[in-house]
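Have a look at the structure below before the remarks.
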Amino acid sequence: MSHQQDITRLLQGRSFIELSARERAHSLLDAGSCRELAGPFERLYSPWLSAQGIVAQADDGVV
């Protein structure tokens with residue numbers, strides 16, 4: 001692939017910061033090596049939050 005083709009391909013794609021958190025995680029890992037343990041709509045909360053007096057927020061989470 002030529003240098004110009006590389007530049008064209010990069011300009012046509014989305015930048016890393018435009019990707020969602022899930023897409024960024026997948027882009028950092030080897031293909032097929034990622035396994036999601038809990039989906040975004042499962043509404044799971046850490047059992048340790050209430051013990052520390054922390055109220056769970058809608059935007060808390062880890063990808």
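Overview of results
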{"quantity": "Filter result for the condition that a residue is of a type in the set (Val, Ile, Thr) and either surrounded by 10 or more Cβ atoms within 10 Å (Cβ to Cβ) or modelled with pLDDT of 75 or more (or both), over Val62, Val55", "calculated": "Val55"}
{"quantity": "Pair list, Cβ < 6 Å and 6+ apart or interchain, from region 31-58 residues that are within 18 Å of Ser20 (Cα to Cα) and without any contact (Cβ under 8 Å) to a residue 24 or more places away in the chain to residues that are surrounded by 10 or more Cβ atoms within 10 Å (Cβ to Cβ) and aliphatic (A, V, I, L, M)", "calculated": "Ala38/Leu44"}
{"quantity": "Selected residue (criterion: most open to solvent (accessible area, probe 1.4 Å)) from residues of region 9-41 that are over 17 Å from Val62 (Cα atoms), charged (D, E, K, R) and outside any helix (DSSP H, G or I)", "calculated": "Arg14"}
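The values are calculated or read from the model by the stated rules, or taken from the named source; none is laboratory data. Since the structure is predicted, the reported quantities are computational estimates derived from the model, not experimental observations. Note: ideal-geometry Cβ built from the backbone for every residue, glycine included; neighbour counts use all protein chains shown. Heavy atoms of the whole protein, side chains included, go into the accessibility calculation; ligands, DNA and RNA do not. Shrake-Rupley method; radii C 1.70, N 1.55, O 1.52, S 1.80 Å.
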